[in-house]
Amino acid sequence: MEEAQRLDDEPVISKKYSACSFRRLQDMVPARVVLYFLSFSGFLVSFMMRTDINIAMIAMARLPPPSPYAANASSSPMYCYDPANLTDALASDNITTVEEGEFDWDATTQSAILGSFYWCYILSQVVGGVLTQYFGTKAVFGISQLATAICSLLIPTAAPIHYGAVIALRSIQGIASGLTWPAMYAMVGIWIPAIERSRFMSSFQGFSFGIGLTYPLCGFLIAHFGWRVVFYVTGSIGILWCLVWWLLAFDTPALHPRISASERRYIETSVGNTVVGDKGLVVPWRSILTSLPAWSIGITTFGRIWIHYTFIIPGPMYMKTVLGFSIQKNGLMSGAPFLCSYVSSVFFCYLADVLVNNKLLTLTNVRKLFTAMSQIVPGLLVLAIGYLGCNITLVLIAWFCAVTLITASYAGAMANVVDIAPNLAGPILAFAQTIHMTASFLSPIAAGILLQESQTLENWQQVFWLAAAVSCGTYIFFQVFGTADIQAWNYPNRTFPVESLQPLQPCKQNGEICKNNSDAAEG
């Protein structure tokens, strides 16, 4: 009997020990770290599903998509290479998928397919902010990713039916993807203390990894398995990510079933009363639309997007027509900076937190400093590129530095979205993105107009002058009106809580977390 009783007790002891060990392992990984990787991987997967068609289109369309600037390319002087070697340069890439295209889609049709995503993407920004206020980030972000993934899986079936079906699916993807940014910004305001927000914002650079990984991955899949597999792979990855997100993401620390008591206490104490835990908080759109700090974010990031898309869209054409790069070298040189962008964003965001935590600069000055780094310096570098001529080494160095410095904005104006109104980060981002994402259309359109006659170096210099002027000029607005102070309309009835009037500086006393320095003194 005693032996049987002992054997019965052993599994219980083992289970208790295993549960205790598992709990201890959970406590070693803060919930904020898990949220960081969910955010990073979420944007990575989102941009994989967004950009896969850009390279798949080469294999889908029967004829290669002509350049929007190629009308007079044959008569334009090639600046840094001999035009007689142009055929050999293109042949060295050995791109056979162009001749194996399946659909008779002309350039206009292809542009309609690719552009349908971004028009709808802009239109859904404000909707994303509103939906997040009512349903929370977990539902909005998760469902938007799921819808995007399902559309990716359906594109191979829709393409043979009619190109209009592909446009419809891409439009749905654009609407869904437009919800993701406002949703994640809203979660940052609830989960991440102010002194950690700059570092957390680097997780948004998952989109750079998404772009950087998508092109080589899709190229490999198309070469070995055909273009359809591209959409099956990215769509499947998207669905798998949604399952992980639904299991591990929670709207607030209070709803998280596995968060440690100390971490939850730290977050809630650090965030303090700047966040109202009510999803149904009415969005004060009038206050947002008349707020100079909110407008300063939208206007200055318009300049950042303008110069960024100068590198992304017409930039590769500059590498081809002026520098004479082959397609393969062009893709490598154009894509590599995006992989470096994540590293640079982590560095800038970490440096911003160090400056704030050590009280070397105020939070407002930190935001302005890094915004200037992301716009003024790249503006000067893009201008220099146009005058470096055929010194390709210096051109590439300036190119890399400009693209990587642009990511400093995630420790600057982009992080400022959460600073001025943590309760309303989603709607504010939606408002700002509605403004600045228009630059994703206007920047390449302006370049096309300036290069319409010819693609001489002199015309490219005009493109770079315009990009520099927009990037530097829009920063002035943020320098004058930008602030990290929480706005009164962040709170219901525009009433500042008493606790929020004191600086939230988490400290520890006898193992417990206190709200601010005065608490420690009273203790």
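Data overview
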| item | result |
| --- | --- |
| Net length gained if the chain between N54 and Y232 were fully extended (0.36 nm per residue, minus Cα distance) | 62.6 nm |
| Segment 393-457, accessible surface, carbon-and-sulfur percent (1.4 angstrom probe) | 74 |
| Two-site FRET efficiency, F103 against V354, from Cβ-Cβ distance with R₀ of 45 Å, rounded to 0.05 | 0.30 |
| Most to least packed among 51-57, 454-460 [average Cβ atoms within 10 Å] | 51-57, 454-460 |
| Simple spin-label estimate for C80 and F135 in nanometres, 7 Å along Cα-Cβ | 4.8 |
| Sites A254 and L339, calculated FRET efficiency, Cβ-Cβ separation with R0 56 Å, nearest 0.05 | 0.90 |
| Extension gain from L114 to A165, taking 0.36 nm per residue of separation minus the Cα-Cα distance | 17.1 nm |
| Candidate residues V343, V233, V166: accessible-area rank, largest first, probe 1.4 Å | V343, V233, V166 |
| Zone residues, segment 131-162, relative to F37, backbone N less than 17 Å from point 7 Å out along Cα-to-Cβ | none |
| Inter-site label distance for S262 and W246 at 7 Å from Cα along Cβ, in nm | 3.4 |
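The values are calculated or read from the model by the stated rules, or taken from the named source; none is laboratory data. Nothing here was measured: the structure is a model prediction, and the numbers come from that model. Virtual Cβ from ideal backbone geometry, glycine too; neighbours counted across all protein chains shown. Each accessible area value is taken on the protein alone, full model and side chains, heavy atoms only, with ligands, DNA and RNA left out. Shrake-Rupley method; radii C 1.70, N 1.55, O 1.52, S 1.80 Å.
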